[in-house]
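First the structure, in the form of structure tokens, and then the observations on it.
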Amino acid sequence: AVPPRHMDSVLDILDALESPARGGSPGTAAALGRGLGVCSRPGCRAVLGEPPGTPERPPALTEGQWQLLTELLRHDPATPELGAVLAPDGSTVALGPLLAGIEAGLRSGGFGRPLPTLDPPADHLLAVTIAEALGTSFLLAQGGDNNATALGPGGCWDDVQNPQNYILRGPPSPVPDPVAIGAMDGVVLGAQLARGPLPVAELLRSYYGTGNGSEAGRPPSSYRRRDFGALAGQGRLEKEVAAVLGVLRTLSPSSELLRDVGTQEVAAVAHRAAREFSERYVECPAIVPRCLWGARPYRGTPAPLQPPLGSVFLHHTLQPAQPCRTFGACAHAMRDMQRFHQDTRGWDDIGYSFVVGSDGYLYEGRGWHWVGAHTKGYNTQGFGVGIIGDFTATLPDPDTLALVRDELLPCAVRSGHVQPDFILRGHRQLGHTDCPGNALFQEIQSWPGFQ
């Protein structure tokens, strides 16, 4: 049997490959990954070298494990989503850029062959994870039809308990969400390995956690946007995309793509790529789509909103009273709330536009496009954002407050969903209720937009 496409299955494979008792070492998985096609782009090959010959199944792996690994790492640019697995934090991670970053990190930390000097000079770790993919994606989108996109889309798994198939929710770009997430993780973990090698399975287990996100606290992977931003802010990313495009001019077949592209155009592509990537994947919070938390269908026909809206209404959910800190717990809370809103309240769907977990993620309720049922009399005028927990006497943790105040609200304005001069209100200002709780209501009075 082929194991499910979950990070846990990958960890089991890495454990087997790296076991010294079975002749393994920290570099085994990375070398195997390259043999299977992780590093298929010309820039990545210039950094990590040409792939070794097609590998045989190592005796440490079962037939099913080998089949899974081969399917995940045989790189076909037309179907990047096939190389992805579901991580315990609920994110979907492409293994190609993750393993390329891990190999670059190990080698720059002195484990294995030294990395070559690039001309023009470029950062090896950023080149193999994100810079080459971003630069070529934006060049292709620029040369393609008007609808060509360079980033996204996201997608959905058929079953989060036993993930087998991941389907993108739109036409793929060379950098769909799983590739962006795998690249950010490759940068964060590669930078860690550059300071000293670790067994890769141990590194990944401590980063992602295990299981479907059921253990106690937030895994470090849920901080990937912040940690990647600290290592590769927009200015650094722009510089590295431009440098990699310079390297690609001398390599085939990418030299063909750059043949009529001048220096100023390269600079413009790098600027746009870094800005759009940073806005989408670093400055804006990740939103868990309905399909991933297990939403039932909307009942009836949703009414469309007319953005940009002028208001945001803040709520606490009251039930569950305890904040959720893992994907498993937050997804469970979302299903319970939707059931209560549909079956007990008789609403068409969960009432909130978005719900905020204490696991570092927003959960899509009615989303940006449909009228909610969160603030009676005002549902067409604003978005309703509920934070999971009872905040009568205590506040959400600082990370969760910052997620709403510093990421969601500015991102909603920048993306055109909310007016720049929006008004923020607590639910109690517009109805007979204690929501969003005394402690939280006190807190939001110092936030931008509060009236």
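Using +1 at the C-beta of Lys and Arg and -1 at the C-beta of Asp and Glu, which of G37, G182, V371 has the Cα lying farthest in the positive direction of the dipole of the chain?
Toward the positive end, the furthest listed residue is V371.
Please report, in debye to the nearest 20, how large the charge dipole of the stretch 309-451 is about its Cα centre when each Lys and Arg carries +1 at its beta carbon and each Asp and Glu carries -1 there. Each step should come with its number before you reach the end.
Details: 10 positive and 14 negative charges, 58 e Å.
The dipole magnitude comes to about 280 debye.
What number, in percent, do you get for the relative contact order of the chain if the mean sequence gap of Cα pairs under 8 Å and at least 6 apart is divided by its residue count? Mind showing how you got there, number by number?
Details: 834 pairs, mean separation 63.2, N = 451.
Worked out over the chain, it gives 14 percent.
Just checking the chain: which Cys have no other cysteine's beta-carbon under 4.7 Å?
C435
For the chain, what is the percent of antiparallel DSSP beta bridges, rounded to the nearest 5?
Values: 10 of 28 bridges.
For the chain, the DSSP antiparallel bridge percentage is about 35.
Sticking with the crude label model, points 7 Å out along Cα→Cβ, report the distance from S206 to R428 in nm, one decimal please.
Between S206 and R428, the label points sit 4.4 nm apart.
Rounded to the nearest 500, what is the 222 nm mean residue ellipticity of the chain from helices alone, with -39500 (n - 2.57) per DSSP H run of 4+ residues and division by all residues? Let's see the in-between values first.
On the way: 17 runs with 170 residues, N = 451.
So the helix-based figure for the chain works out to -11000 deg cm²/dmol.
Just want the answer: with Cβ charges of +1 for Lys and Arg and -1 for Asp and Glu, which residue in V418, S173, A133 is farthest toward the dipole's positive end in the chain?
Checking the options against the dipole of the chain, the answer is V418.
Among the trypsin sites (Lys or Arg not before Pro) within the stretch 252-350, which fall in a DSSP loop and have no more than 13 other Cβ atoms within 10 Å of their own Cβ?
Values: sites: R259, R272, R275, R280, R290, R299, R325, R335, R339, R345; in loops: R259, R299, R325, R345.
Passing both the DSSP loop test and the Cβ count: R259, R299, R345.
Efficiency by 1/(1 + (r/R0)^6): what FRET value for T117 and A402, r their Cβ-Cβ distance, R0 = 35 Å, to the nearest 0.05? The partial results should precede the final answer.
Values: r = 40 Å, r/R0 = 1.15.
For R0 = 35 Å, the calculated efficiency reads 0.30.
By how many nm would the segment from S25 to N162 lengthen if fully extended, with 0.36 nm per residue of separation less the alpha-carbon distance? Don't skip to the answer; put the middle values down first.
Values: separation 137, 0.36 × 137 = 49.32 nm, distance 2.94 nm.
Between S25 and N162, full extension yields 46.4 nm more.
Quick one: if the Förster radius is 41 Å, what FRET efficiency do Y223 and T54 give, using the C-beta to C-beta distance and rounding to 0.05? Before the final figure, lay out each step's value.
Details: r = 37 Å, r/R0 = 0.91.
Once rounded, the FRET efficiency stands at 0.65.
Of the options L118, T149, V312, report the single residue whose Cα projects farthest towards the positive end of the charge dipole of the chain (beta-carbon charges: Lys, Arg +1; Asp, Glu -1).
Towards the positive end, the residue furthest out is V312.
Under unit Cβ charges (Lys, Arg +1; Asp, Glu -1), what dipole magnitude, rounded to 20 debye, does the stretch 7-283 have relative to its Cα centre?
620
Using Cα pairs closer than 8 Å and at least 6 residues apart in sequence, work out the relative contact order for the stretch 172-307, in percent.
Numbers: 59 pairs, mean separation 31.2, N = 136.
Here the relative contact order equals 23 percent.
Rg and Dmax of the chain, using alpha carbons, in Å: what are they?
Just the Cα atoms of the chain yield Rg and Dmax of 22.8, 70 Å.
Set the Förster distance to 56 Å, then compute FRET efficiency between D336 and R236 from the Cβ-Cβ distance, nearest 0.05. Can you show the working numbers first?
Numbers: r = 43 Å, r/R0 = 0.76.
Once rounded, the FRET efficiency stands at 0.85.
Readers should treat all values here as calculations from the given coordinates under stated rules, not as data from a laboratory. Quantities reported herein were computed from a predicted structural model and do not represent experimental measurements. Please note: Cβ atoms are built from the backbone with ideal geometry, for glycine as well, and neighbour counts cover all protein chains shown.
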